[in-house]
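Let me begin by presenting the structure, written as structure tokens, before commenting on it.
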Amino acid sequence: MPGSTPATSSASSSSASSPGSVAGHPRSKAADRLLDATRDALLEGEGEVEMSDLARRAGVSVGLAYHYFRNKAGLLAAVIGAFYDRYDAVANQRYDGAVDWSTRERARLEATIDFLYADPMAPLVLGRMSRTAEVAEAEQARFLSMLDLSRRNIEDGQKRGFIPASIDAGIASAAIAGACRMSFIQAMRARQRPDAGQLADQLWRMIAGALRLSA
């Protein structure tokens, strides 16, 4: 999630919703078409959608759309949740434990930025929709678990001798998470995005400084 630190997370977090069900119902092709239609409509309409239009796009009745997602907020939450699932899969992917901590986490940061630059929903979720209730709820549901992952990963770096033991892992993870989140949002909102490599360099220098990394 934006707000977690992709450069300091080492394990996968669980999603708040099951990928095999929607609003308590088994997933179906109709539900998948509704999700696809909603994502496309959001991208085309810059965040504005109506339930009747989404049902028409998906080729289902409005009643069936409400059956699966209860309301428009539920449908939006499912699409936004799917974006954060993709984000988490990249930011929290496991790397070879034998790899140098700094090398591993720099690679994680670069992979996360590449994902955000490539996923068409990223500018919408982190930009125009970032202040909506659906996005705020999705972030809140994941934030604490992601911070815990970040803290534990910093502690792992301390145990392995890459990060000084004097660093408070909890404070450091929160500070880095906030800086990364706001940097990602700024990049997504910018009329001209900063170069992905330059963004990674700048954020990594901040992370390395905060954790007093030797390299």
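List the helices (runs of 4 or more DSSP H) that sit entirely inside segment 50-140 and contain at least 3 residues that are polar (S, T, N, Q).
101-118
Hey, among 131, 212, 189, 193, which residue is over 30 Å from residue 41 (Cα atoms), out of contact with any strand residue (DSSP E or B) (no Cβ under 9 Å at 6 or more places or on another chain) and basic (Lys, Arg)?
Unique residue meeting the criteria: 212.
Tell me yes or no: at least one residue of segment 124-131 is farther than 30 Å from residue 36 by Cβ, at pLDDT below 95 and buried (at least 21 other Cβ atoms within 10 Å of the Cβ).
No: segment 124-131 contains no residue that is farther than 30 Å from residue 36 by Cβ, at pLDDT below 95 and buried (at least 21 other Cβ atoms within 10 Å of the Cβ).
So residue 208 ticks every box in (1) buried (at least 16 other Cβ atoms within 10 Å of the Cβ); (2) more than 25 Å from residue 136 (Cα to Cα); (3) under 18 Å from the mean Cα position of the chain (by Cα); (4) not hydroxyl-bearing (Ser, Thr, Tyr) but one. Which box is left unticked?
Just one mismatch for residue 208, condition (3).
Residue-by-condition table, conditions (1) more than 16 Å from residue 91 (Cα to Cα); (2) out of contact with any His (no Cβ under 9 Å at 6 or more places or on another chain); (3) exposed (fewer than 15 other Cβ atoms within 10 Å of the Cβ):
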position	(1), (2), (3)
148	no, yes, no
151	no, yes, no
154	no, yes, no
162	yes, yes, no
168	yes, yes, yes
181	no, yes, no
192	yes, yes, yes
200	no, yes, no
203	no, yes, no
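Given the conditions (1) in contact (Cβ under 8 Å) with a residue 24 or more places away in the chain; (2) farther than 23 Å from residue 188 by Cβ, report the number of the one that residue 99 does not fulfil.
(1)
Just checking, which of 98, 118, 107, 122 is more than 19 Å from residue 183 (Cα to Cα), small (Gly, Ala, Ser) and not assigned by TED's automatic domain parsing to the domain that holds residue 33?
From the options 98, 118, 107, 122, the qualifying one is 98.
The values are calculated or read from the model by the stated rules, or taken from the named source; none is laboratory data. Every value quoted in this text rests on a predicted model; they were computed, and no experiment measured them. Positions of Cβ are backbone-derived with ideal geometry, glycine not excepted, and every protein chain shown enters the neighbour counts.
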